[in-house]
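The values are calculated or read from the model by the stated rules, or taken from the named source; none is laboratory data. The structure displayed is predicted, hence computed values, not measured ones. Positions of Cβ are generated from backbone atoms using ideal geometry, with glycine treated the same way; all protein chains shown enter the neighbour counts. Quick note on the areas: whole protein, heavy atoms, side chains included, nothing else; ligands and nucleic acids left out. Shrake-Rupley method; radii C 1.70, N 1.55, O 1.52, S 1.80 Å.
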Amino acid sequence: MAVSAGPNPYAQFQKSFQKEEVEYKYFDLASIDPKYDQLPYSIRVLLESAVRNCDNFHVLEKDVQSILAWTPDLKQGQNDVEVSFKPARVILQDFTGVPAVVDFAAMRDAVRDLNGDPEKINPICPADLVIDHSVQVDFARTSDALSKNQNLEFERNKERFTFLKWGARAFNNMLIVPPGSGIVHQVNLEYLARVVFEADTEGGKMLYPDSVVGTDSHTTMINGLGVLGWGVGGIEAEAVMLGQSISMLLPEVIGYKLVGKLGPLVTSTDLVLTITKHLRQLGVVGKFVEFYGPGVAELSIADRATISNMCPEYGATVGYFPIDENTLNYMKQTNRSEKKIEIIRQYLQATRQLRNYSDESQDPRFTHTVTLDLSTVVTSVSGPKRPHDRVSVSEMKKDFNDCLVNPVGFKGFAIPADNLANSGEFQWDDGKKYTIKHGSVVIAAITSCTNTSNPSVMLGAGMLAKKAVEKGLSIMPYIKTSLSPGSGVVTYYLKESGVIPYLEKLGFNIVGYGCMTCIGNSGPLDENVVNTIEKNNLVCCGVLSGNRNFEGRIHPNTRANYLASPLLVIAYAIAGRVDIDFETEPLGTDANGQNVFLRDIWPTRSEIQEVENKHVIPAMFQEVYSKIELGSEDWQTLQVSDAKLYPWNGESTYIKRPPFFEGMTRELPKFNSIKDARCLLFLGDSVTTDHISPAGSIARNSPAARYLSERKLTPKDFNSYGSRRGNDAIMARGTFANIRLVNKLVSKTGPRTVHIPSNEEMDIFDCAERYREEGTPLVLVVGKDYGSGSSRDWAAKGPFLLGIKAVIAESYERIHRSNLVGMGIIPLQFLPGQNAETLNLTGREKYNISIPTENIKPGQKIQVEADGITFETVLRFDTEVDIEYYKNGGILNYMIRKMLN
């Protein structure tokens, strides 16, 4: 007999209050157990969800009791307390929204093929879909860059946009925000976030905390507003949209205490880079970080959001700022209604979720606490290859020069001593000749990822630009400069404050709204610049106000990339190089020949605050967001099908029915041990999802390019991998296509490997295809922190399509491990103290992995044999739900069978 949901055993704790003749219901959590007041505020959100959704089917009473029993003694690695969590909503950004809707459409087909009702595949949990499309900045430094880029993007991506518009009509409970509206995380912060939900119920409304999972790792940005949220893979998000709970281990909660005040010249970017380095060193992977202390009250919501945004870079699941009066004031500033805010305040006070950071009696217990004095933060950048390698600006010149000669690594390029003085000259369109060398800046981008949620740094950049122009400073014409605001509101207050002309004078024209330079879509550099860099083997630089700077991500010809505040992006662009000491070396000279130093044009926090208070007002948010869902005229005129099943076009190179459900049966498939597998790739530490997942432009000599060329497309129409995430054939060919991938089976970096039986070197996709034809299963052998970075579903889908059956790693990033399980790939982990090197593995062995056909247990030991080398690994199925997903061949197959039976 099938188990069904029952009545809520906590119904007796439901209370209500009246407001303008409406009854507002809520669960009085504090009355359930006195331990409630000692819980971290982030854990209280998990508890409320468990109590409200408890039906002893999806969410069990033991889940509630486990959360109530949370203790500071909980330790990672010794914790097997599994709980269920149902977030209030899901947010999908364009790149991950397309494959999610593709999968939903394919799932409907599969349900139909299995004689079920296809319309059962419908979102239950609300889904916010934001088309923050990726723009290749091909028209930077021109006044009409924005319109040209947006027109080009609509022309290139019309089919994709049409498909998404179809999805919004075909599926219930899905809100879509059209292209050109802004970056997903900023729209979430300024417009979509509810802070407290109001759900219609019989006789009134139910109030509960807003919470969200999103298909981008930087969904964590919303924690700055007190909304608990984190990134998941697209496949996991789809399951949540279909009503499935997230199964998670109850986390440790690190209390991060802030005291003091930031200095007058320090920005939120400097603070976040300091915290990122500190927490990465501390080790918070898989943990919640909750901020507290009087210093939090000194930070704006935008400051907090910038810190929360960088969660993936310091490794935490969330960086949570509990709701306080500043949160409610921000809601007022962003044009949320007074009535709504008052209801939120009353609910939060009733449930003891409104925080006063100056009241120590409200401080909960934490697993561990650390303290940062804000007054110790100094102006910083991060790089040249990782976001958590912070460098104080005062040390930047020395640090870069050290990196040039250090051995190849995260802080080294191994440039020979006789090549350190290398330089190259080229002629520009203006007829002048220019020289570049190691450290020269060739890309400077104020990007829409992290910092443009923050008016203080955006207005600060504009004010710095104004002072620079007035001093007669300029930027070399060959430096590719761009400004991509996070939302229309940013453009609005930049215009109102009068700084746009000065930004444009320096070349920082608005080029679009969406993922750009930070995801590798800077567009091409001039051929003269590229040829000079390559001919002279130069380590040239990109400087950007984003959150990612992994190797190969920003641009193939910028080997060093630094994250910086928008103000420093402009400063380094004016300097033209990163190996400058701003204290002793001038940026240039004024009209009188006097030296101009950075300190001469740098605005103070109080100067910026004065302009922000004057120009960032609720009317802006009302004006921009009142019509955001309408979209442009191009969007409004898109004609889409009303069919409930998508009419697949076999000739499309953008939208293709995926093969994930081909041959699926109602019954569970049989699974066996893995025999005579070959290692497709033999990788080291810190292999990120940027190395795995297709991203950026499609190289002309790649398998994906050959696929498109065979279909009569020319390179100008290749578009990006991101735009083609709805086509599995292209994405499979782009998996592991990163030019900086280090595969120990071959001698050079790049997307190449060896077909072991023939010893022939070839492209990774071609090698995987040959193994498939030979009937050979594949594995990956990797080092520590496998899959760190963005929560991209294609970092798991791609390996699945290549034929990867298992991954053997020293450790995994949380989201990627979950995604591998969601695609039916087995994650195995070397025992402590062991790795490929200690076991003398070369990657050329045949691998046999003994998977028990019955009684699989989370975390059990699994034996692996590789050409006579036998060793044990830990099966990283962390929960019973993971095992169910694996037995079904993946999470989406599990959801289909669940709906059929």
For the stretch 406-536, give the magnitude of the charge dipole about the Cα centre (Cβ charges: +1 Lys/Arg, -1 Asp/Glu; no others), in debye to the nearest 20.
340 debye
When the Karplus curve 6.51 cos²θ - 1.76 cosθ + 1.60 is applied with θ = phi - 60°, which whole-Hz ³J(HN,Hα) does each residue of the stretch 202-211 get, with x for Gly and Pro?
5, x, x, 10, 9, 9, 7, x, 5, 8
Cα-based radius of gyration of the stretch 399-549 once divided by 2.2 N^0.38 Å, which approximates compact folds:
1.15
Rounded to the nearest 20 debye, dipole of the stretch 605-671 from Cβ charges on Lys, Arg, Asp, Glu:
480 debye
Cα convex hull of the chain: how many Å³ per residue?
162 Å³
If you find the alpha carbon centre of the stretch 496-520 and of the stretch 283-299, how far apart are they in angstrom?
31 Å
Placing +1 on each Lys and Arg Cβ and -1 on each Asp and Glu Cβ in the stretch 145-234, then taking the dipole about the Cα centre, the residue among GLY182, GLY234, ALA145 whose Cα reaches farthest towards the positive end is ALA145
Taking H as built 1.01 Å from N, whose amide H comes closer than 5 Å to the amide H of ILE323, not counting residues under 5 places away?
ARG355
Diagonalise the Cα gyration tensor of the stretch 832-901 and give the resulting equivalent ellipsoid semi-axes, square root of 5 times each eigenvalue, largest first, whole Å.
30, 13, 10
Longest DSSP-loop-exposure-free segment, GluC sites (Glu not before Pro), the chain, at most 14 other Cβ within 10 Å
203-582
Sorted by mean Cβ packing within 10 Å, highest first, what order do the peptides 690-703, 172-185 take?
172-185, 690-703
Among PRO586, GLY576, LEU563, whose Cα sits farthest toward the positive end of the charge dipole of the stretch 552-610 (+1 at Cβ of Lys/Arg, -1 at Cβ of Asp/Glu, about the Cα centre)?
LEU563
Specify whether the C-alpha gyration tensor of the stretch 613-692 places it in the rounded, prolate or oblate class, a ≥ b ≥ c being the square roots of the eigenvalues: rounded for a/c under 1.5, otherwise prolate if a/b is larger than b/c and oblate if not.
oblate
What is the P(r) of the stretch 471-549, as percent of Cα-Cα pairs per 10 Å bin from 0?
15, 42, 33, 10, 1
Give me the percent of accessible area attributable to carbon and sulfur for the chain, probe 1.4 angstrom.
46 percent
Taking just the alpha carbons, could you work out the radius of gyration and Dmax for the stretch 120-217, both in angstroms?
17.0, 58
Return the lysines within reach of LYS495: Cα separation strictly under 17 angstrom, same-chain partners fewer than 8 residues apart disregarded; answer none if there are no such residues.
LYS466, LYS467, LYS505, LYS614
State the answer as a single residue: which of VAL616, VAL64, PRO123 lies farthest towards the positive end of the charge dipole of the chain, with beta carbon charges of +1 for Lys and Arg and -1 for Asp and Glu, about the Cα centre.
PRO123
Restricted to Cα positions, what overall size does the stretch 374-465 have along the principal axes? Three whole-Å values, descending.
43, 38, 22
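Kirkwood hydrodynamic radius of the stretch 60-199 from all distinct Cα pairs, in Å? Working shown, then result.
Working: mean 1/r = 0.0544 Å⁻¹.
About 18.4 Å for the stretch 60-199.
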Over all distinct Cα pairs, what is the inverse of the mean 1/r for the stretch 262-317, reported as the Kirkwood hydrodynamic radius in Å?
11.7 Å
Computed on Cα atoms, the radius of gyration and Dmax of the stretch 1-111 in angstrom are 18.1, 51
Whole-angstrom gap from the stretch 78-132 to the stretch 762-802, using each part's C-alpha centre
24 Å
Pair ASP429, LEU152: separation of 7 Å Cα→Cβ label points (nm)
1.2 nm
Relative contact order of the chain, please, whole-number percent, based on alpha carbon pairs below 8 angstrom and at least 6 residues apart.
13 percent
What Kirkwood radius, in Å to one decimal, follows from the Cα pairs of the stretch 307-414?
17.9 Å
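Which value, in debye to the nearest 20, gives the size of the charge dipole of the stretch 763-857 about its Cα centre, when Lys and Arg are +1 and Asp and Glu are -1 at the Cβ?
Computed about the Cα centre, the dipole is about 260 debye.
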Considering amide H positions built from the backbone, and no H for Pro or chain starts, which residues 5 or more places from GLY229, or on another chain, come under 5 Å of its amide H?
VAL212, ASN223
Please provide three numbers in whole Å: the alpha-carbon extents of the stretch 521-667 along the principal axes, with the largest listed first.
75, 52, 35
Which of the trypsin sites (Lys or Arg not before Pro) found in the stretch 35-112 are in a DSSP loop and have at most 12 neighbouring Cβ atoms, other than their own, within 10 Å?
LYS75
When the Debye formula is applied to the Cα atoms of the stretch 662-741, each taken as the same point scatterer, what base-10 log of I(q)/I(0) results at q = 0.20 Å⁻¹?
-0.92
Would you calculate, for the chain, the mean residue ellipticity at 222 nm contributed by helices, counting each DSSP H stretch of 4 or more residues as -39,500 (n - 2.57) and dividing by all residues, to the nearest 500?
-9000 deg cm²/dmol
Averaged per residue, what accessible surface does the stretch 131-215 expose to a 1.4 Å probe, in Å²?
31 Å²
Distribution output for the stretch 773-884: share of Cα-Cα pairs per 5 Å bin in percent, first bin at 0, values 2, 11, 23, 25, 21, 13, 4, 0
